[in-house]
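The structure appears right after this line, and notes come after that.
The values are calculated or read from the model by the stated rules, or taken from the named source; none is laboratory data. Quantities reported herein were computed from a predicted structural model and do not represent experimental measurements. Heads up, the Cβs are rebuilt from the backbone with ideal geometry, glycines too, and the neighbour counts pull from every protein chain shown. Side chains are part of the model used for accessible areas, which takes the heavy atoms of the whole protein and leaves out ligands, DNA and RNA. Shrake-Rupley method; radii C 1.70, N 1.55, O 1.52, S 1.80 Å.
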Amino acid sequence: MKKVNIFAWFIFILGIFYFFLPLFATLEFSLRMKKGVYSFEAFRVAFEDPKFYQNFGYSFLWAVLTIIFSLLLVVPTAYWVHWKLQKIRPLVEFITLMPFVTPAVVLVFGLIRLYGKPPLNLTPTPIPLIAGYIILSFPYMYRSVDSGLRAIDIRTLTEAALSMGAGWGTIISQVIFPNIRVAILSGVFLTFAIVMGEFTFASLLSWPAFGPYMEEIGSMRAYTPQALSLVSFGLTWFSMMIMQSLGRGAKGEEQIAVAH
Amino acid sequence: MAFLEINNVSKTFGKTTAVKDFNLKVEKGELVSFLGPSGCGKTTTLRMVAGFEVPSSGEIIIDGKDVTYEPPNRRPVGMVFQSYALFPNMNVAANIGFGLKIAKRSREEINQRVNEMLELIHMPGYGNRYPHQLSGGQQQRVALARALAMHPEVLLLDEPLSALDAKIRVSLRGEIRSIQRELGITTVYVTHDQEEALSISDRVVVMNNAQIEQIGPPFEIYNFPQTEFVAQFVGTLNAVNAEVVDPKAKILKFEGQQLQTAFSLDKLHSGDKVMIAIRPERLSFASQEKKANILKGKVQNITFLGAVVRIQIGIDSLNFYMDTFNNPYLALPKIGEDVEITCSAEAVLALKERKESQG
């Protein structure tokens, strides 16, 4: 008979409590908007505010743009580092870890100082915001793609494709991308989650986003921000689940059916 | 004019010379093997033909066209890799049809060619499988079909059988050779396995320390090695340092024993140092009537190798190996017994003297 590992169960239950207890407390508090009874009043107020949808939509847009441009930058870079520039790998890894040591506020002020005045005044456009988000996502996106590339024999697959006449675009899109699809998806999930809840960049660059909206609501109301937190949490999870199921559906496998 | 020409090609990586003054002409339909130990430059040379490395000097010509600086995707070559390199996200048919799809051939043509290739490698019905569903041998056959699907002018194989087990290696090398003959495709085959090189090649290029040691048909490489390295690397060899006694009579001596060679020593003088090389299978126990080329020694060890029995004989401070075909009724000497062995003068090769840096 299989032995029950009490210690493992204890750790598991502790982890469950650590994760769900704050969520449960937030939920419990958000339901107390009406005195003496539990109700979804805070949620109703939150959903009736058109700014909620507007700001959530903006954050979603920023997240999608960040993911697209981040993939365009990180996948070819990581691929090239693996294929030809192994020597600079430590340098690239160091650069991608920069957001862990440089606070977001320092990054955003750097961007404003550099691109907030001529000759390259970009702050009226969302370019610095997306660029900042791309930097913030570096550690997650690069590491995910890097681990995916480590798992396959990049060099030989590339050479095999080259010897059959493939160009770089074909190699990246038809050989490399499908084979690191799972790694890319994990980078995409993490980037999405980070951008959806980001506050500093959006606030200081004055772009509408879900993070600053929650902060604004939080300074005016007591219960609605808790409801919004849970909604934001749920929506982020829901979006990630959709992306994950899409990823599972698209197997990344290419077939030529052969009659025999 | 040869179909594939590699003229004075050298390749250096920083201060390291990977290939030095490589010259080779391969005729159309010929299978040439590059044979040598790891790091001898054989794979680098192959990669230069494929276009994955650019020569530091020299030129590579395929069918009269200089392709030295052509990128790999514009060369008329197909390549098979040691690690198969099948695309894991594509099924067998998609792998084989990949190059044709890149070349924008019609779907009908791709399907027809894929089916032809599957027939060629004796794997019809495997088109819808994925690489992970195939054995190593099957994957390498698909890799071969993929490389051949595009009708390349030159087929390059980089140690294609190294990752397979011994039995499959033997059967697959026969299959590769028969497909190569059937299609008449000019082929360069890299291997460090001498048996593989000798068994499938029209010619073998033996390489060592970035240079060619000898080029020749397998028979010539094995029986008439021109350098000590070739003699040592290809097959088992009894090699001893010796001295020329009489160049005209072709007499050599070592450790107080004398041997006569059938090969000319005209360019040498008495007292010159040479290396004697004798293949183990060319030695036999001396009969009573035999008087010339007798070596006296003591049996040190007897090893049963299946088809062959290898007898180690100590001659003074040297060890000689003698191979004899296995026979259940063979009367073998006992360990420690004094024996006389002999060989014909044709079996005694006199090569340049052994250098310390070699072998």
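For the Cα trace of segment A:33-105, dividing Rg by the Kirkwood Rh returns an Rg/Rh value of 1.31. Nearest 0.05, what FRET efficiency do A:S245 and B:K334 give at R0 = 45 Å with Cβ-Cβ as r? About 0.05, to the nearest 0.05. Using C-alpha pairs below 8 Å separated by at least 6 residues, the relative contact order for chain A is 27 percent. Around the amide H of B:N209, modelled in the peptide plane, lies no amide H under 5 Å away from a residue 5 or more places distant or on another chain. Dipole magnitude for chain B: about 620 debye, using +1 per Lys or Arg Cβ and -1 per Asp or Glu Cβ, origin at the Cα centre.
Between A:I11 and A:L114, what's the calculated FRET efficiency when r is the beta-carbon distance and R0 is 45 Å? Round to 0.05. Please report the intermediate quantities before stating the final value.
Numbers: r = 47 Å, r/R0 = 1.05.
Once the sixth-power term is evaluated, E becomes 0.45.
Label positions at A:T102 and B:Q260, each projected 7 Å from the Cα along the C-beta direction, are separated by 8.6 nm.
Mean per-residue shielding of peptide B:117-129 is 2, counting Cβ atoms of other chains within 10 Å of each Cβ.
B:L118: net charge of surrounding residues, Cβ under 13 Å, Lys/Arg +1, Asp/Glu -1, itself excluded?
Working: positive: B:R113, B:R129, B:R141, B:R146; negative: B:E116, B:E119.
Counting the neighbours of B:L118, the net charge comes to +2.
Can you bin the protein assembly as shown into rounded, prolate or oblate? Criterion: square roots of the alpha carbon gyration tensor eigenvalues sorted a ≥ b ≥ c, rounded for a/c under 1.5, prolate for a/b above b/c, oblate for the rest. Could the numbers behind the result be given before it?
Working: a/c = 2.80, a/b = 2.52, b/c = 1.11.
Prolate.
Simple rule: put +1 on each Lys or Arg Cβ and -1 on each Asp or Glu Cβ in segment A:40-259, find the dipole, and look at A:W83, A:I194, A:A151; the Cα lying farthest toward the positive end is A:W83. Other protein chain C-beta atoms within 10 Å of residue C-beta, averaged over B:96-107: 4. Largest mean-square fluctuation among B:G256, B:G99, B:G39, in a Gaussian network model of chain B whose springs join Cα atoms under 10 Å apart, belongs to B:G256.
Solvent-free Debye calculation, one equal scatterer per alpha-carbon of segment B:51-205: log10 I(q)/I(0) at 0.11, 0.12, 0.13 Å⁻¹ equals -0.44, -0.52, -0.61.
List the trypsin sites (Lys or Arg not before Pro) within segment A:1-89 that DSSP assigns to loop and that have no more than 10 neighbouring Cβ atoms inside 10 Å. Can you show the working numbers first?
Numbers: sites: A:K2, A:K3, A:R32, A:K34, A:K35, A:R44, A:K51, A:K84, A:K87; in loops: A:K2, A:K3, A:R32, A:K34, A:K35, A:K84.
Within segment A:1-89, the qualifying trypsin sites (Lys or Arg not before Pro) (loop, at most 10 other Cβ atoms within 10 Å) are A:K2, A:K3, A:K35.
Loop-located GluC sites (Glu not before Pro) in segment B:270-348 (DSSP state other than H, G, I, E, B) with a sparse environment of at most 13 neighbouring Cβ atoms within 10 Å: B:E289, B:E337. If you take every DSSP beta bridge whose two residues both sit in the protein assembly as shown, what share of them, in percent to the nearest 5, is antiparallel? Roughly 75 percent of the beta bridges in the protein assembly as shown run antiparallel, per DSSP.
When you have a sec, figure out the Kirkwood radius of chain A from all distinct Cα pair distances and drop it here in Å to one decimal? Could you put the intermediate results ahead of the total?
On the way: mean 1/r = 0.0466 Å⁻¹.
With all distinct Cα pairs of chain A included, I get 21.4 Å.
Protein heavy-atom accessible surface, 1.4 Å probe, per residue over the protein assembly as shown: 50 Å². Annotation: the antiparallel percentage among DSSP beta bridges lying fully within segment B:149-266 is about 70. Taking the charge dipole of chain B about its Cα centre, with +1 at Lys and Arg Cβ atoms and -1 at Asp and Glu Cβ atoms, the residue from B:G58, B:A347, B:F254 reaching farthest to the positive side is B:G58.
Given the options A:I152, A:I134, A:I194, state which has the largest fluctuation in a GNM of chain A using a 10 Å cut-off (strictly under) for Cα springs. Among A:I152, A:I134, A:I194, the largest GNM mean-square fluctuation belongs to A:I152. Each Lys and Arg Cβ is given +1 and each Asp and Glu Cβ -1; about its Cα centre, segment A:40-259 then shows a dipole of about 460 debye. Per residue, chain B reaches -7000 deg cm²/dmol at 222 nm when only DSSP H runs of four or more residues are counted, each adding -39500 (n - 2.57).
Qualifying trypsin sites (Lys or Arg not before Pro) in segment B:173-278, where qualification requires a DSSP coil assignment and no more than 16 other C-beta atoms within 10 Å, comprise B:K248, B:K267.
Ignoring any ligand, DNA or RNA, what whole percent of the accessible area of segment A:40-259 comes from carbon and sulfur when the probe is 1.4 angstrom?
On the way: 7420 of 10810 Å².
Carbon-and-sulfur percentage of accessible area, whole number: 69.
For the residue pairs B:K25/B:K248; A:K84/B:K167; A:K84/B:K20, alpha carbon separations beyond 28 Å are given by B:K25/B:K248; A:K84/B:K167.
Quote the Stokes-Einstein diffusion coefficient, in whole µm² s⁻¹, for segment B:228-331, based on the Kirkwood radius over alpha carbon pairs, a temperature of 20 °C and a viscosity of 1.002 mPa s.
Details: Rh = 15.0 Å.
This corresponds to a translational diffusion coefficient of 143 µm²/s.
Taken one residue at a time, the phi angles of segment A:27-42 give Karplus couplings (6.51, -1.76, 1.60, θ = phi - 60°) of 4, 4, 5, 5, 7, 9, 4, 8, 4, x, 10, 7, 8, 9, 4, 4 Hz. Gly and Pro are set to x. Taking chain B as a Gaussian network of alpha-carbon nodes connected by springs under 10 Å, the highest mean-square fluctuation of the residues B:V204, B:V308, B:V234 belongs to B:V308.
The mean number of partner chain beta-carbon atoms within 10 angstrom of a residue's beta-carbon across peptide A:167-176 is 3.
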